[in-house]
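Asker: Please read through the structure below; I'll follow up with questions.
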Amino acid sequence: MSTLSNSFLAPNTPSKLTQKFQNRLILKCPTHHRISCSLIEPDGGSLKNLVVPAGPARDTRVKEAATAGQALPRVRLKRVDLEWVHVLSEGWASPLGGFMRESEFLQTLHFNSIRLDDGSFVNMSVPIVLAIDDEKKNEIGERKRVLLVDQNDKAVAFLNDIEIYKHNKEERIARTWGTTARGLPYVEEAIINAGNWLVGGDLEVIEPIKYNDGLDQYRLSPSQLRDEFSRRNADAVFAFQLRNPVHNGHALLMTDTRRRLLEMGYKNPILLLHPLGGYTKADDVPLSWRMKQHEKVLEEGVLNPETTVVAIFPSPMHYAGPTEVQWHAKARINAGANFYIVGRDPAGMGHPIEKRDLYDADHGKKVLSMAPGLEKLNILPFRVAAYDKTQGKMDFFDQSRPEDFVFISGTKMRSLAKNKENPPDGFMCPGGWKVLVEYYEGIAAVQSKKKIGVPASV
């Protein structure tokens with residue numbers, strides 16, 4: 001069981017870290033280091049912005065896509081592909097400048113990092129690639145440029161100076177997930193039926209990616225987040241990613257982290273509450289409902305709006321455990337976070353065939369503390385929170401009185417919400433719980449209509 005007695009896992013080579021970041025690293029007390037108040041540099045030293053600037057340059061590209069673009073081979077983007085275009089365009093994967101070419105792909109698969117021109121390394125643990133089939137490969141031929149279009153044939157981006165190489169799906173799956181068992185959600189969604197070739201190149205996105213789903217105002221780019229942290233005079237940024245509704249145990253972890261940062265001498269640590277907004281598996285609560293629930297958490301004062309920034313992280317979810325959690329952490333470096341909260345079994349899931357977890361629950365935080373390219377990020381492991389029956393609220397688990405605590409699993413939480421039952425007082429804010437119940441009521445209504453043959457839209 002993890003604790004926060006040693007809250008900030010030190011890198012394996014603190015002397016090297018001190019040398020590399022001596023202008024940023026401040027020794028605050030005998031047992032803790034902290035990074036100074038300036039936001040940490042993005043990987044590679046600067047954020048990539050792959051969106052064509054508004055004005056004449058964009059007008060030119062729009063015209064080119066409508067005219068010369070007709071003569072270019074067109075690659076139609078699937079949903080997950082478009083999400084990766086979004087991720088790349090805003091610099092979350094900096095210093096990556098487009099879909100991976102073969103050298104970047106191989107380094108990612110085999111080393112979980114990419115070597116830069118100056119010989120340094122940045123962390124990169126999941127492939128960001130674009131698949132094409134045999135027919136499209138033959139159509140492209142020797143051309144060095146293609147036009148990327150969405151499902152409605154609207155031009156999204158140019159991919160320049162392209163390279164086409166073999167898509168070895170089995171190797172990609174084995175090295176990313178550690179298994180080739182069928183039933184891995186992202187694999188079924190985006191890899192199994194994908195083409196046998198990958199096309200990499202420099203990405204030139206014509207306009208900012210928008211979804212027009214009422215949530216675009218939450219989709220802040222790394223640059224926008226850095227501006228917001230600076231506006232709030234943040235001297236530390238701690239990031240918390242989740243793909244589930246926020247209960248009071250989560251809130252306890254976040255507020256306790258802020259308390260500890262204040263004790264370390266920071267004056268204004270800011271929380272980045274950063275739900276994942278790309279592809280998630282079918283039984284996860286959809287993003288729109290999660291955002292409604294998160295709004296209630298702030299409205300009801302469970303988290304302080306003055307010290308919390310809520311934004312959407314546009315990446316698709318792999319459910320690849322310790323491999324993927326490195327990507328989640330790396331992306332937050334690019335957004336300016338210098339602390340990252342990690343829990344048990346981050347980015348994990350149950351084995352798709354066997355009745356066991358796919359990954360060791362403690363390996364995520366251990367890997368983050370050792371991962372090359374993440375040395376400048378402070379890792380904050382969870383303390384385990386549970387419902388304390390004696391106090392009627394969520395609290396940190398006390399091993400000396402285990403009989404007083406109840407662990408309310410995600411499965412149990414969903415069961416209560418589906419049955420319109422209330423959880424124990426103090427488990428989740430009332431408004432947030434109401435949102436969750438409404439979501440499952442909607443699912444039940446749709447399923448009921450299907451059973452009696454009524455169209456779901458009626």
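Asker: Can you find, within the range 74-90, the residue that is nearest to ILE333 (Cα to Cα) among those that are crowded, with 21+ Cβ neighbours inside 10 Å and in contact with a helix residue (DSSP H, G or I) (Cβ under 7 Å, 6 or more places away or on another chain)?
Answerer: Looking at residues that are crowded, with 21+ Cβ neighbours inside 10 Å and in contact with a helix residue (DSSP H, G or I) (Cβ under 7 Å, 6 or more places away or on another chain), I get GLU90.
Asker: In the range 178-199, what residues are surrounded by fewer than 20 Cβ atoms within 10 Å (Cβ to Cβ), more than 20 Å from the chain's Cα centre (by Cα) and at negative phi?
Answerer: Listed by number, the residues that qualify are THR179, THR180, ALA181, ARG182, ILE192, ASN193, GLY195, ASN196, TRP197.
Asker: Does GLU306 count as assigned to a helix (DSSP H, G or I), touching a helix residue (DSSP H, G or I) at 6+ places or on another chain (Cβ under 9 Å) and not assigned by the TED database to the domain that holds ARG175?
Answerer: Criteria not met by GLU306.
Asker: Pairs under 9 Å by beta carbon, first residue touching a residue at least 12 places away in the same chain (Cβ under 8 Å) in the range 126-144, partner part of a loop (DSSP other than H, G, I, E, B) and among the hydroxyl-bearing types (Ser, Thr, Tyr), six or more apart or different chains?
Answerer: VAL126/SER315
Asker: Give me the pairs, please: first residue somewhere in the range 268-293 and on the phi < 0 side of the Ramachandran plot and outside any loop (DSSP other than H, G, I, E, B), second residue anywhere and among the basic types (Lys, Arg) and modelled with pLDDT of 95 or more, beta-carbon distance under 6 Å, and either six or more positions apart or on two chains.
Answerer: PRO269/ARG258; ILE270/ARG232
Asker: Taking the options ALA93, ALA66, ALA71, name whichever one is outside the structural domain of LYS330 (by the TED database), aliphatic (A, V, I, L, M), farther than 20 Å from TRP197 by Cα and crowded, with 19+ Cβ neighbours inside 10 Å.
Answerer: Answer to the check: ALA93.
Asker: For the range 318-330, does any single residue satisfy the condition of being charged (D, E, K, R), surrounded by fewer than 22 Cβ atoms within 10 Å (Cβ to Cβ) and over 17 Å from ASN244 (Cβ atoms)?
Answerer: No, the conditions are met nowhere in the range 318-330.
Asker: Which ones in the range 417-434 are under 21 Å from LEU253 (Cβ atoms) and either assigned to a helix (DSSP H, G or I) or not assigned by the TED database to the domain that holds VAL297 (or both)?
Answerer: Correct list: PRO430, GLY431, GLY432, TRP433.
Asker: OK, next. Exactly one condition in (1) in the same structural domain as PRO381 (by the TED database); (2) in a strand (DSSP E or B) is not met by HIS250; state its number.
Answerer: (2)
Asker: Looking only at the range 152-168, count every residue that is outside any strand (DSSP E or B) and surrounded by fewer than 16 Cβ atoms within 10 Å (Cβ to Cβ) and tell me the total.
Answerer: The total comes to 4.
The values are calculated or read from the model by the stated rules, or taken from the named source; none is laboratory data. Because the structure is a prediction, the values reported are computed rather than measured. Cβ: placed from backbone, ideal geometry, glycine included. Neighbour counts: every protein chain shown.
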